[in-house]
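Each remark here refers to the structure printed beneath this line.
Nothing in this text is a laboratory measurement; each read-out follows from the coordinates by a stated rule. Here the structure is a predicted model, which is why all the values come from computation and not from measurement. Counting neighbours? That spans all protein chains shown, and the Cβs are built from the backbone with ideal geometry, glycine included.
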Amino acid sequence: MSAIQTVTDLMTIAARTAPKSAGQDYIVIKVIEGEDCKRLGEAMTQYGERMKKRNFDRDGRNIAASLAVMLIGIKDAKSLDLNCGACGVDLCNDRIPAEHGEFKGPQCALRVLDLGIALGSAVKTASLLNVDNRIMYRVGVLARELGMIDADFVMGIPLSITGKSIYFDR
């Protein structure tokens, strides 16, 4: 077993066991490595050019150079029926998720917080093990488009083990 696989296994445990609203789990986790990282990175660069969006090329180069990428998202996340309006809809029963641009939404704000806690738990674990990482939204856009993960709203965590962080020292 490689060191990076051990790290992603521990990150998966951290994300899976992270606290979730009402104890309901809508978190989806997938790890990609090798050629899939290169394919995702290239797709990100092409998407940025096609959509004329900045920094997809920069982040795409980072993904292509990564040992692995952890994808974490939410899928079919039910509202908590609090009618809080934080998602932009007054009543939870009126929230009808549909494809809106790069992700499916609106999403229940508390479920998005669950995703954030899972992401934070995963990157904390990688950081404790001295593995360079960074949470990236652009990764999730193309991972969904390429069918690499079945989720409605996704973030990616690329992982690298080099002498300097490729995600921050750029």
- Query: Residues of the range 41-70 being hydroxyl-bearing (Ser, Thr, Tyr) and part of a helix (DSSP H, G or I), which ones?
  - Reply: Thr45, Tyr47
- Message: Between a residue in the range 8-27 that is assigned to a strand (DSSP E or B) and any residue that is among the charged types (D, E, K, R), which pairs come within a Cβ distance under 9 Å, given they are 6 or more apart or on different chains?
- Response: Ile27/Arg16; Ile27/Lys20; Ile27/Lys75; Ile27/Asp114
- Message: Exactly one condition in (1) surrounded by fewer than 18 Cβ atoms within 10 Å (Cβ to Cβ); (2) of a type in the set (Val, Ile, Thr); (3) touching a Ser or Thr at 6+ places or on another chain (Cβ under 9 Å) is false for Thr6; which is it?
- Response: (3)
- Message: Among the residues of the range 117-125, are any under 21 Å from Gly88 (Cα atoms), under 15 Å from the mean Cα position of the chain (by Cα) and either of a type in the set (Gly, Ala, Ser) or not in a helix (DSSP H, G or I) (or both)?
- Response: no
- Query: Applying the selection to the range 100-119, what residues are crowded, with 20+ Cβ neighbours inside 10 Å and touching a Leu at 6+ places or on another chain (Cβ under 7 Å)?
  - Reply: Cys108
- Message: Need the failing condition index for Ala126 against (1) at positive phi; (2) touching a strand residue (DSSP E or B) at 6+ places or on another chain (Cβ under 7 Å); (3) of a type in the set (Gly, Ala, Ser), just the number.
- Response: (1)
- Query: Among the listed residues Leu110, Leu142, which satisfies the condition of being of a type in the set (A, V, I, L, M), in contact with a helix residue (DSSP H, G or I) (Cβ under 8 Å, 6 or more places away or on another chain), in a helix (DSSP H, G or I) and over 22 Å from Thr12 (Cβ atoms)?
  - Reply: Leu110
- Just give me the residues in the range 148-169 being among the aromatic types (Phe, Trp, Tyr), assigned to a loop (DSSP other than H, G, I, E, B) and surrounded by 14 or more Cβ atoms within 10 Å (Cβ to Cβ), in sequence order. Tyr167
- Message: If a residue must be under 15 Å from Lys30 (Cα atoms), touching a Leu at 6+ places or on another chain (Cβ under 7 Å) and in contact (Cβ under 8 Å) with a residue 24 or more places away in the chain, how many such residues does the range 120-138 contain?
- Response: 0
